[in-house]
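All remarks here apply to the structure that follows.
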Amino acid sequence: MSGATPPVPATTTVGSSSAAISLKEVANWDGESQEIHKALTTAFDAGDYQDCLKDFKKLNIEPLSYVNKLDKVRPCSVSKHLP
């Protein structure tokens, strides 16, 4: 089989998304958009989530703002689904 091209190995993108963008979306969340759930899921699934949490200063994210927005996610979500 001279001249045959070897197969190219498959690549995966699991965990390749950066959490930084999603964490910034959470910190800047308006309190209304339902996209917050998508942003959180993306951040939590990102391979660099733990590293991003350790260095909010480098990401230019105010930690207290992030935490305050997280506090609002659950009550906002639950209240919109109550009868």
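Hey, rough spin-label estimate for Asp55 and Ser18, points 7 angstrom out along Cα→Cβ, what's it come to in nanometres? Placing both labels 7 Å beyond Cα along the Cβ direction yields 1.1 nm.
Gain in length, Val73 to His37, computed as 0.36 nm per residue apart minus the alpha-carbon separation, to one decimal in nm? Spell out each step's value before the answer.
Working: separation 36, 0.36 × 36 = 12.96 nm, distance 0.82 nm.
Gain in length upon complete extension: 12.1 nm.
Here's the list of aspartates and glutamates a cross-link from Lys72 could span, going by alpha-carbon distance under 19 Å and ignoring same-chain residues fewer than 8 apart: Glu25, Asp30, Glu32, Glu35, Glu62.
Only Cα pairs under 8 Å and 6+ residues apart enter the sum, and on that basis the relative contact order of region 19-81 stands at 44 percent.
Every number here is computed from the coordinates shown, using simple stated rules; none is lab data. Predicted, not measured: the structure shown is a model, and the values here were computed from it. Methodologically, a virtual Cβ is constructed for each residue, glycine included, from the backbone with ideal geometry; neighbour enumeration extends over all protein chains shown.
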